[in-house]
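Working notes for the structure below.
No lab work stands behind these numbers, since they all come straight from the coordinates. In this text the structure is predicted, and so the values were computed from the model without any measurement. No Cβ is skipped: glycine too gets one built from the backbone with ideal geometry, and neighbour counts run over all protein chains shown.
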Amino acid sequence: MLDESIQELASRSLARIAAAATPEALEAVRVDAVGRKGVLAEISKGMGKLSPEERKRIGQVLNAAKQQLEAALDARKQEFDAFALRARLDAEWLDLTLPAPGPRRGHLHPITRIQRELEDLFVSLGFTVLDGPEVETEYYNFDALNIPPDHPARDMQDTFWLDGGNLLRTHTSPVQVRGMERLGPPLRMIAPGRVFRNESVDASHEHTFYQLEGMMIDRDVSVAHLLYFMKTLLTAIFQREVTVRLRPGYFPFVEPGFELDIQCLICGGPGCPVCKHSGWVELLPCGLVNPNVLRTSGIDPEEWGGFAFGLGLTRLVMMRYEIDDIRHLHGGDLRFLEQF
Ligand code: DAH
């Protein structure tokens, strides 16, 4: 009778061991079955009432059942351990023969991108790309461009002056002068680069921004040539035909000087907030090179003439990508930069 219930308890525990799905469940079975307060322990506590022979026999039956259960518990535990080990090895598995994933690639800043596009375009039109210093002399930034010290045009550009009379260039035009001096006519050059103005910063003004200066010197260069190159330039940038108009504009280094406007690309003419309801956006100051500037750089204005233009690269990027605040461009915020 007692034998049978021990057998039955043992086989019920064996079934629970086999069914335990987790190490925790198995531990619960162990406590119930062979723990100090488990079912087998309860039975052995009651053995004091038995006769010595019975006690001996039941003791053996109990021991055998206990050993059987402990063996089953151990075996099941080893299964769990093996399974956990395999899972860990699977997770740690590494194929050392695979190629390395490589660094995450960034991309070019939108200003650099436009700059490179324009360089490619102008190189294809026979232009040379020139670089010039960001710290300039007063001579190249002003005097050689027909802006003498007392000229009111100096006030048009708020200048960062440096010790010793040098300055941070306020435009890329000084590279024209360096190009004319070094290469002489005929000349086709562009000079993209960073320029600096001592301005208070707001949504449309930065102390540091980018321009692209261009110049062509040859015989018989006219406003028609200027217009042709400017339209080619703008069509390439905006990837569609743009309508332009010339207005007179004053810059000491060109004569005549112009402001080249493009018909607003947002509204196409009727007027909208972007073009301040005029239908036109001012984009490209330009003109025919002033004879004084040619002469200063050692070029005879009787024989040679040319056009020049100063494109605002930063402004262009803002128009092309519809960026409404210039401060985003150099704010270094990856959420902004990763959009391009
Ligand atoms: N350097 C002028 C500026 O930054 C822009 C400019 C105007 C450049 C007319 C030119 C030009 O070459 O012809 O304000």
- Note on the structure: From fewest to most C-beta neighbours within 10 Å, the residues PHE238, PHE122 line up as PHE238, PHE122
- Message: Can you tell me which of GLU119, GLU206, GLU27 moves the most in a GNM of the chain? Springs connect C-alpha atoms under 10 Å apart.
- Response: GLU27
- Hey, how many Å between the Cα centroid of the range 243-266 and the Cα centroid of the range 126-143? 22
- Note on the structure: Here FRET efficiency (C-beta to C-beta, LEU121 to PHE238, R₀ 22 Å, nearest 0.05) is 0.95
- Two-decimal Rg to Rh for the range 195-318 - Kirkwood Rh, Cα set: 1.01
- Query: Once every DSSP H run of n ≥ 4 in the chain is given -39500 (n - 2.57) and the sum is divided by its residues, what mean residue ellipticity at 222 nm do you get, rounded to the nearest 500 deg cm²/dmol?
  - Reply: -13000 deg cm²/dmol
- Please list the non-local residues whose amide H lies under 5 Å from the amide H of GLU255, H modeled 1.01 Å from N, same-chain partners needing a gap of 5 or more. LEU288, VAL289, ASN290
- Query: Any idea what the dipole of the chain comes to, in debye rounded to 20, about its Cα centre with Lys/Arg Cβ at +1 and Asp/Glu Cβ at -1?
  - Reply: 1920
- Which helices pass in the chain if a helix is a full DSSP H run, must span at least 24 angstrom along its long axis by Cα, and must have mean Kyte-Doolittle hydropathy not below -1.0? 2-19, 52-92
- Distance between modelled label sites at HIS330 and ALA64, nm, 7 Å Cα→Cβ extension: 9.2
- Semi-axis lengths (Å, descending) of the ellipsoid that matches the C-alpha gyration tensor of the range 2-92: 33, 11, 10
- Using a Gaussian network model of the chain with C-alpha springs under 10 Å, which one of THR170, THR137, THR97 is most mobile by mean-square fluctuation? THR97
- Message: For the chain, which cysteines have no second Cys with its Cβ under 4.7 Å from theirs?
- Response: CYS286
- Query: Kirkwood Rh over Cα pairs of the range 62-138 into Stokes-Einstein at 25 °C, 0.890 mPa s: D in µm²/s?
  - Reply: 119
- Note on the structure: Rounded to one decimal in nm, the spacing of the 7 Å Cα→Cβ label points at ARG219 and ARG182 is 2.7
- Message: For q values of 0.06, 0.15 Å⁻¹, compute log₁₀ I(q)/I(0) with the Debye formula on a Cα-only model of the chain, without solvent.
- Response: -0.44, -1.23
